[in-house]
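The block underneath contains the structure these notes are about, expressed in structure tokens.
What follows is calculated from the coordinates using simple rules that are stated; it is not laboratory data. From a predicted model like this one, the values you see are computed outputs, not experimental measurements. As a convention, Cβ positions derive from the backbone with ideal geometry for all residues, glycine included, and neighbour counts pool all protein chains shown.
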Ligand code: 13P
Ligand code: SF4
């Protein structure tokens with residue numbers, strides 16, 4: 001079957017009937033082998049996607065894995081900026097994403113034209129950008145960081161070096177507090193981590209006094225102030241696996257609970273409630289990916305990620321700096 005690329009761009013994925021009798025997991029494994037493809041998945045993916053991935057990780061782990069893979073095709077079960085990062089690192093490989101519309105509110109909160117103007121107003125500043133940004137922003141950046149290595153990367157610069165930090169103001173404020181710096185912050189945020197309710201979390205803690213509160217640094221300051229531990233998704237996962245508490249209130253996207261429960265089956269993980277009527281907090285972009293879309297992407301090798309030159313080679317430099325500093 002021939003795929004209409006304009007149609008794929010419009011819908012975001014290969015929109016065709018899938019035989020309902022197919023065993024999708026078997027088919028995905030078969031196609032991966034046949035095409036020498038690797039399936040990389042972020043912790044915020046649905047459990048069934050995590051369970052068939054070749055590698056599950058946080059943004060740093062996924063970028064490191066993308067850098068070293070020998071596969072011909074990288075199928076990225078995550079959001080657009082993550083697949084774009086894999087393509088920046090692998091211009092000669094085919095990089096696929098199950099749904100092109102799996103974006104990121106944080107990346108969207110930093111438009112390149114406005115950011116270029118902001119940067120031009122502060123010519124003496126070094127730009128550190130969180131990996132959750134577009135290739136265009138990466139191309140305007142000196143060093144990329146993730147929530148795993150942000151403190152280390154900021155501290156690799158002299159104390160008096162003026163720094164612009166983009167796009168996440170919450171992560172930026174957290175790093176300022178931790179390092180005693182005064183980085184200039186871009187006013188961006190993640191829609192998922194910004195809507196956690198301090199009031200509901202505090203009430204939850206009253207009912208679970210023994211539970212430890214663990215939070216991602218994309219959360220707002222008042223939430224981080226009450227957390228027992230703050231870290232990237234991998235750091236949160238490792239913490240729950242080695243810490244002695246039996247119960248945790250987890251203040252990040254719910255996808256991570258799957259691996260937490262797998263690593264520590266006898267512990268209790270309570271998803272922190274957001275400021276709406278939901279009991280837990282899902283990223284609507286991450287959750288656009290499905291097993292069916294993964295199967296179709298592998299079968300038809302679409303939708304494919306493209307990062308045009310010279311943006312790709314410009315964006316590669318700050319990414320390689322980060323990967324070098326993270327060894
Ligand atoms: P990490 O996986 O690097 O902790 O980032 C969380 C996130 O929001 C990814 O979009
Ligand atoms: Fe972006 Fe937030 Fe979703 Fe991560 S959780 S992809 S930062 S919107």
- Message: Based on alpha-carbon atoms only, what is the radius of gyration of region 59-146 relative to the globular estimate 2.2 N^0.38 Å?
- Response: 1.15
- Note on the structure: Given 20 °C, 1.002 mPa s and a Kirkwood radius over Cα pairs, the Stokes-Einstein diffusion coefficient of the chain in µm²/s is 105 µm²/s
- How many times 2.2 N^0.38 Å is the alpha carbon radius of gyration of region 92-204? 1.17
- Task: Calculate the translational D of region 153-246 in whole µm² s⁻¹ from Stokes-Einstein, where the hydrodynamic radius comes from the Kirkwood formula applied to all Cα pairs, the temperature is 4 °C and the viscosity 1.567 mPa s.
- Result: 89 µm²/s
- In which sequence would 198, 257, 62 go, from the one with the fewest C-beta neighbours within 10 Å to the one with the most? 198, 257, 62
- Message: Applying a 10 Å radius around every beta-carbon, put 200-206, 49-55 in order of their mean neighbour count, most first.
- Response: 49-55, 200-206
- residue 54-residue 245 pseudo-label distance in nm [points 7 Å out on the Cα-to-Cβ vector]: 3.7 nm
- How big is the gap, in Å, between the Cα center of region 283-310 and the Cα center of region 1-39? 9 Å
- Semi-axis lengths, Å, region 1-154, gyration tensor of Cα atoms, sqrt of 5 times eigenvalues: 32, 18, 13
- Work out the P(r) tail for region 213-327: percent of alpha carbon pairs separated by more than 21 Å, whole number. 57 percent
- Task: Compute the separation of the alpha-carbon centres of region 106-177 and region 45-83 and state it in Å as a whole number.
- Result: 24 Å
- GNM on the chain, C-alpha springs below 10 Å: top fluctuator among 271, 209, 284? 209
